[in-house]
1. When all protein chains stay in place, what accessible area (Å², nearest 10, 1.4 Å probe) is found for Y44?
2. For n ≥ 4 DSSP H runs only, could you compute -39500 (n - 2.57) per run for the chain, divide by its residues and tell me the 222 nm figure to the nearest 500?
3. Full extension from L26 to T142: what is 0.36 nm times the residue separation minus their Cα-Cα distance, to one decimal in nm?
4. If each of L11 and Q101 carries a label point 7 Å out from its Cα toward its Cβ, how far apart are those two points in nm?
5. In square nanometres, what is one fourth of the surface area of the convex hull spanned by the alpha carbons of the range 183-249?
6. Considering the options A103, L85, Q192, tell which one lies farthest towards the positive end of the dipole of the chain, charges being +1 on Lys and Arg and -1 on Asp and Glu at the Cβ, about the Cα centre.
7. For the chain, find the longest principal axis of its Cα atoms and tell me its angle to the long axis of helix 6-15, 0 to 90°, nearest 10.
8. With all protein chains present, how much of the accessible area of the chain (probe radius 1.4 Å) comes from carbon and sulfur, to the nearest whole percent?
Amino acid sequence: MNRPNPILFALYRGALRVYPSRLRLLYQDQMLQTVRDADSERSYSALYFWLYLFADLAKSSIKERLLMISKQILAHPIFFHTFALGLILTLWGFPAAMTLQGAMRSAADQPQIQMAQNYASEIASGKLATDLIPTVHLDLSTSLEPFTILYDADGNPLRSSGYIGEAVPTPPPGVFTYLRTHPTDKFTWQPQPDLRIAAVAQRVDGTHPGFILVGRSLTLVQQQENQLRRGTFITWFSLMALLIGGAALLNRAQSATPRPAAAQG
């Protein structure tokens with residue numbers, strides 16, 4: 001009878017450690033003998049044989065460990081219910097926090113949407129930008145007020161109330177390309193690394209076509225988002241700690257409760 005490849009056989013013997021220890025002690029010798037017998041009788045390549053053995057070992061060990069975990073959970077229903085409740089709170093809480101964060105970001109586009117529509121409509125009707133856009137100099141790196149920039153049809157700035165230093169910022173060319181086929185665009189604009197802006201751009205039609213952009217710093221929204229994230233994680237960890245601690249205390253109390261003595265005949 002041919003003996004199996006000693007190196008692969010030793011690897012297989014070592015891989016048996018992935019099995020739960022109770023089953024390994026009971027069935028290890030029987031499994032190793034089955035491998036010897038199967039190798040001596042195989043009619044296909046050794047490579048396929050050992051690949052099949054290791055794959056089957058991985059699959060069966062995962063199955064046995066999951067079965068062992070399920071038995072342990074069923075033996076301690078308090079921890080099972082705690083896990084289920086924690087999972088429900090997690091699956092409900094984090095999407096709710098993400099939804100709230102999205103709503104906060106959407107709210108940051110106001111009042112820019114209405115302002116951009118009003119400016120575009122009035123400029124298209126013939127009113128002068130000098131009469132509409134205020135003559136102020138807002139530093140976008142520090143100001144939290146909404147600002148307005150008017151661009152011509154080629155994307156060159158004509159008038160602005162917002163500046164970075166002494167320069168009028170210009171959004172990426174793709175914004176103007178998009179606006180040539182769409183009336184409006186909402187986007188997060190980052191003209192410099194430490195500055196994010198909730199911007200709304202509107203196409204201006206009429207005798208003097210161009211583009212109007214109204215934006216506002218996202219500094220406050222970012223601070224609110226950070227507070228929301230911290231609050232969400234602190235709340236989640238606190239709830240998980242309370243659930244686990246409560247389950248441990250309840251399990252200890254149940255274990256310490258004496259069982260009623262059997263009735264005497």
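The values are calculated or read from the model by the stated rules, or taken from the named source; none is laboratory data. Computed from a predicted model, the values in this text were never measured in an experiment. Cβ placement follows ideal geometry from the backbone for every residue including glycine, while neighbour counts extend to all protein chains displayed. Heavy atoms of the whole protein, side chains included, go into the accessibility calculation; ligands, DNA and RNA do not. Shrake-Rupley method; radii C 1.70, N 1.55, O 1.52, S 1.80 Å.
1. We get 100 Å² for Y44.
2. Details: 8 runs with 154 residues, N = 265.
Calculated from helices alone, the mean residue ellipticity at 222 nm is -20000 deg cm²/dmol.
3. Details: separation 116, 0.36 × 116 = 41.76 nm, distance 7.19 nm.
Roughly 34.6 nm would be gained on extension.
4. It is 4.3 nm.
5. Values: hull surface 27.4 nm².
So the Cα hull casts an average projection of 6.8 nm².
6. L85
7. 70
8. On the way: 10650 of 17270 Å².
Ligands and nucleic acids excluded, carbon and sulfur give 62 percent.
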